[in-house]
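Undergrad: This is the structure I want to talk about, given as structure tokens.
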Amino acid sequence: MKTPIPDMQAWLTHACADERQRVADESGISVGYLWLIAGGHRKPSEGVATKIHKATSGQVSAFSFFPKLAAIAEIGRAHV
């Protein structure tokens, strides 16, 4: 089942072509693959998700690709 990633879709839509290419290069993937991930057609590895997070300065959170982990992290923060 495909699950689109709204944060990544928004980032890709607003980023210029050079910025999309820079993030793809830093993530070790193509711009086309970024779009496939954003549309939910492909799921990135943890490593690629981390690289996307870093390359976008956190605008696209690594947690956005793994919603169950994000939920666990939120629960953990609520108990601190």
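The values are calculated or read from the model by the stated rules, or taken from the named source; none is laboratory data. Owing to the predicted nature of the structure, the values given are computational and were not obtained by experimental measurement. Glycine gets a Cβ as well: all are built from the backbone with ideal geometry, and neighbour counts include every protein chain shown. Areas reflect the complete protein model, heavy atoms only, side chains present, ligands, DNA and RNA absent. Shrake-Rupley method; radii C 1.70, N 1.55, O 1.52, S 1.80 Å.
Undergrad: Counting only residues that are surrounded by fewer than 16 Cβ atoms within 10 Å (Cβ to Cβ) and either in contact with a Pro (Cβ under 9 Å, 6 or more places away or on another chain) or among the polar types (S, T, N, Q) (or both), which one in the range 42-58 is nearest to E19 (Cα to Cα)?
TA: The selected residue is S57.
Undergrad: Going through the range 28-41 one residue at a time, which ones are within 18 Å of T13 (Cα to Cα) and more than 9 Å from the chain's Cα centre (by Cα)?
TA: Those that are within 18 Å of T13 (Cα to Cα) and more than 9 Å from the chain's Cα centre (by Cα): I29, S30, V31, G32, Y33, W35, L36, G39, G40, H41.
Undergrad: Which residues, counting only those in the range 24-54, are over 17 Å from P6 (Cα atoms) and of a type in the set (A, V, I, L, M, F, W, C)?
TA: Correct list: A24, I29, V48.
Undergrad: Among the residues of the range 12-62, write down those that are touching a residue at least 24 places away in the same chain (Cβ under 8 Å), assigned to a helix (DSSP H, G or I) and out of contact with any Leu (no Cβ under 9 Å at 6 or more places or on another chain).
TA: The answer is R22, E26, I37, K51, K54, A55.
Undergrad: Then there's this: How many residues does the range 4-33 contain that are among the aliphatic types (A, V, I, L, M) and under 15 Å from F65 (Cβ atoms)?
TA: Residues that pass the stated criteria total 6.
Undergrad: Name, by its number, the condition in (1) surrounded by fewer than 16 Cβ atoms within 10 Å (Cβ to Cβ); (2) in a helix (DSSP H, G or I); (3) of a type in the set (S, T, N, Q); (4) touching a residue at least 12 places away in the same chain (Cβ under 8 Å) that does not hold for Q9.
TA: (1)
Undergrad: Taking the range 59-78 as the search range and keeping residues that are open to solvent by 70 Å² or more (accessible area, probe 1.4 Å) and within 9 Å of the chain's Cα centre (by Cα), which one is modelled with the lowest pLDDT?
TA: For the range 59-78, the residue satisfying everything is F63.
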